[in-house]
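The values are calculated or read from the model by the stated rules, or taken from the named source; none is laboratory data. Not measured: the values here are computed from a predicted model. Because the Cβ atoms are built from the backbone with ideal geometry, glycine has one as well, and the counts that use them run over all protein chains shown. Accessible surface areas use protein heavy atoms only, side chains included; no ligands, DNA or RNA. Shrake-Rupley method; radii C 1.70, N 1.55, O 1.52, S 1.80 Å.
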Amino acid sequence: MEEESGEELGLDRSTPKDFHFYHMDLYDSEDRLHLFPEENTRMRKVVQAEMANESRGAGDGKAQRDLQEEVDELVHLYGLEDDHELGDEFVDENIPRTGVSEYPPYMMKRRDPAREQRDWRLSGEAAEAEDLGFGGWGSAGQCQDLREAYRYTHGRASEEYECYVIPEEEDEEEAADVFCVTCKTPIRAFQKVFDEHKEHEVIPLNEALESAKDEIHKNMYKLEKQIIEMENFANHLEEVFITVEENFGKQEQNFESHYNEILETLAQKYEEKIQALGEKKKEKLEALYGQLVSCGENLDTCKELMETIEEMCHEEKVDFIKDAVAMADRLGKFLKTKTDVEISAQPEFEDQTLDFSDVEQLMGSINTIPAPSAPVINPQVPNSATGSSVRVCWSLYSDDTVESYQLSYRPVQDSSPGTDQAAPSPPIIKTKEIRSCEEAVLICWESGNLNPVDSYTVELTQAESPEASGVTDSASLYRSVVGIPTCESVVQLQPGRSYIIYVRALNMGGPSVRSEPATVHTIGSYFRLNKDTCHPWLTISEDGLTAVRSERRTPARELSPSDTHFTRCVAVMGNLIPVRGHHYWEVEVDEHLDYRVGVAFADVRKQEDLGANCLSWCMRHTFASSRHKYEFLHNRTTPDIRITVPPKKIGILLDYEHSKLSFFNVDLSQHLYTFSCQLHEFVHPCFSLEKPGCLKVHNGISMPKHVTFY
Amino acid sequence: MALKQISSNKCFGGLQKVFEHDSVELNCKMKFAVYLPPKAETGKCPALYWLSGLTCTEQNFISKSGYHQSASEHGLVVIAPDTSPRGCNIKGEDESWDFGTGAGFYVDATEDPWKTNYRMYSYVTEELPQLINANFPVDPQRMSIFGHSMGGHGALICALKNPGKYKSVSAFAPICNPVLCPWGKKAFSGYLGTDQSKWKAYDATHLVKSYPGSQLDILIDQGKDDQFLLDGQLLPDNFIAACTEKKIPVVFRLQEASIRKL
């Protein structure tokens, strides 16, 4: 390459290294070095062409020196001292994508010396301009040239330039653009056919990139989760920490008081004992002292006698005999008196076993838990008793440790009913308004009395039991709920049964007779359409299960908004029993009918369409131009769903436990769609007719098996 | 038929295994993946066949989809075969990614040089179920099939050509009408020759038009932004129109974004 340029330029051999163009790709330098000699040659040829007009006398010492300085300056600027390749040569302008912004100035500067060299011979003015522009971009004319050079060397697509090089293509061939999943490396597309990667799976680089990003995001997510977990754990530890302190405090107190008690008792015992010993000692000493004194007296008497006898012995015979007789008497008497030589008090103190049993007891009781305080029974609440059972609630002190409770009871004498008041009349159950599900029933009734009553009692019997028919014997009762203050009650029941319900009223005069019975089946859910919520254009049937919208002209004015009935959406709500768990019902519709069926909260805005807000969910069907369109609306959004066979009977499953609302094509047992919905309050079924027609609700159906999977 | 176990890994309480065997239909060694849920230790479970799409092997589904937890909970045995015969050394089988290796299209080829080995339809509907029923605790009466893209096409045609054999069929972004899309045309002309009447026997949209059989429950999920959908390779609308007319129950869900990661 060197030789070529030298020849064409006709330059001095002393400037051999002017126009060496090497790929300056810091990321992939080695490979590129030899790959595109043609390109360089081409470019160089153009340069030569440009230069052809100039005199060839360029490149004498000065220019060369300047060049060298320039080179050194730039090398230094770009920290390329270590790169020997660049130390001496010029850098090729064929820079690929990366780092493009950095290199143009570099390249341009590289170019400048060449230009300077070329133009040097031209006009001094131009040369000066060059000089000025050497460090920067200089005059406009020069700028133009430089821009040309820049664009040219970048090889940018431009139709303006004749010799257009397209480095990008070649670049792309070189760059990795697919990702070998097996080897987990980026490779070039053509490499796929080589042995190494032949059998391997490849995917486009973008995908690999995305999946790598996904991986990282996943891991980040995991990390975040872990952070949260650890924080929770730390909080928990703190709580436990505090609890440990509290418990310690309690234990300490307890032990201290016990311990003090024991100490006091011991001290007391000590005092008592010492005192007793002291007294004993005194006793003994006194006894002994007494003895000692009498002993001394005895001794004195003996001595006196002795002396007298001795004196006698020295008397005259006559006196001696007189005295001797008297003395013999005295002696005789004296010696007859017993001298007590028994020691009255023993020196030893008797061993006394100390009674420490109470201390032992105290010591033993230090480990026992104190007996708890007596619980306090809460007053009886209404509705908490039946004919054969009563619900008792009580509270305890938090300091107590309780293992179990013992409850005992005894009947007390009933206060005899006042004889002057008559028992009330029986209430009347509103059978049409009974709502039930598999686990409970909601009954309401009319009082049946002009005067107020004290309370009501609900009695239920199982429909299968033989005593059920008309017998008022309380022994056949299944349940009886007493103390009901209002005219409605929710009673828990077993699923899959039938019950007969009666209600009685109660006052001071006693209970009324049973009301007329009502029957309840705990299969599926029963509800009726609520006429109070019904849009004025809908008619509800007598049995509360069919809604009809008849043809009519729309009235001129809009309906005024209402809180109770729908004014915009021609809809009606059902009264579902307010019990959680799951509910299932079916709706029969016509294939060509435009309808909405779903659920909504009781306080959903009645001026809006079902599904247009976040308080309602519904399936919507519209039939237009022979096409069936299905939407599953909540908050005005619906997923994009197509259903090929229009359902004639729609099964709806409301599952509070799993927060789900599902729709099914009953005839095909086909699942259509499931909403996940947050049901913080109770919802009710809703139905709307967007065109004249009718729909019928079917109740009391137990959940079909296929429904349970959702 | 002897099964050689290649690998076995515990997963969500069950076992993910890979086996190799000598296939009679395909005249080569074939691998397939089987997941046995915990319930399989004590009783027979329903069998679910998964058919993968273009360029896949038996590995893609078991490593990328994360289906194991559901399969474990619901007690399903999931079987994932490969997408074409391997190592047959047929000239041209590796030339493109959408024909030949990894692109069996679940047909029985009638053209040379493919007809000896490329019999994926028979493999999936006959040989493999027989093998599975004989060697694993599955209930032969409860079988379902599902797949992605080319595998979705496979699932649909297997179900439509065998009324009553599968209890349900689902597909992710399936090729619904191969005779009208570039992939299908390329594959069918290669495997089945130029007689388009032979092509229709493997086209879900055409099969539906003459589906006589028992009730089917079809679920299709399709990504809205799926490039192949936009390129006219999948053509679900044609399939839905045909099903609507013939009253075949289908629920078709168009999901946000593309689900083409397998």
Total lysine pairs under 24 Å (Cα atoms) in segment B:167-262, excluding pairs fewer than 8 apart on one chain: 21
Integer Hz, Karplus 6.51/-1.76/1.60 couplings in order for segment A:221-234, x for Gly and Pro: 4, 4, 4, 4, 4, 4, 4, 4, 4, 5, 4, 4, 4, 4
Estimated inter-spin distance, A:L266 and A:E210, nm [label 7 Å along Cα→Cβ]: 8.2 nm
Sites A:N247 and A:S365 - FRET efficiency at Förster radius 25 Å, r taken between beta-carbons, to 0.05: 0.80
Normalised contact order of segment B:4-255, rounded percent, pairs of Cα under 8 Å and 6 or more residues apart: 16 percent
Distant-in-sequence amide H partners of A:D640 (H built 1.01 Å from N, under 5 Å): B:L254
Accessible surface of B:C181 - all protein chains present, 1.4 Å probe, nearest 10 Å²: 0 Å²
Contour minus Cα-Cα distance for A:E315 and A:V402 (0.36 nm per residue): 21.0 nm
Those lysines that a straight Cα-Cα span of less than 30 Å connects to A:K284, excepting residues fewer than 8 apart in one chain: A:K269, A:K273, A:K303, A:K336, A:K338
Listed residues B:I132, B:I220, B:I145, most fluctuating in chain B (Gaussian network, C-alpha, under 10 Å): B:I132
Per-pair calculated FRET efficiency, R0 = 60 Å: A:S455 and B:R142 via Cβ, rounded to 0.05: 0.55
Peptide ranges A:228-234, B:201-207, A:571-577 listed from the most packed, as the mean C-beta count within 10 angstrom indicates: A:571-577, B:201-207, A:228-234
Amide H contacts of B:S23 (H built 1.01 Å from N, under 5 Å, at least 5 apart or other chain): B:C28, B:K29, B:M30
Set of segment B:98-121 residues, backbone N closer than 17 Å to the point 7 Å along the Cα-Cβ line of B:S63: B:102
Exposure of A:D400 as accessible area (Å², to 10), given a probe of 1.4 Å and all protein chains: 30 Å²
Extension reserve of the A:Y259-A:N635 stretch, reckoned as 0.36 nm per residue once the Cα distance is removed: 128.4 nm
Inter-label distance, nm, simple model (7 Å from Cα along the C-beta direction), B:L254/B:A134: 4.7 nm
Listed peptides B:167-180, A:483-496 by packing density, highest first (mean Cβ within 10 Å): B:167-180, A:483-496
Distance-filtered residues of segment A:579-596 - backbone nitrogen under 13 Å, label point 7 angstrom along A:H698 Cα→Cβ: A:585-590
Inter-probe distance in nm under a simple model that places probes 7 Å from Cα toward Cβ, at A:L335 and A:H706: 14.1 nm
Efficiency of FRET between A:C302 and A:Q346 - r from beta-carbon atoms, R0 30 angstrom, step 0.05: 0.70
Gained length - A:A189 relative to A:S562, 0.36 nm times residue gap less alpha-carbon distance: 127.5 nm
Shielding score for A:665-678, defined as the mean number of other chain Cβ atoms within 10 Å: 2
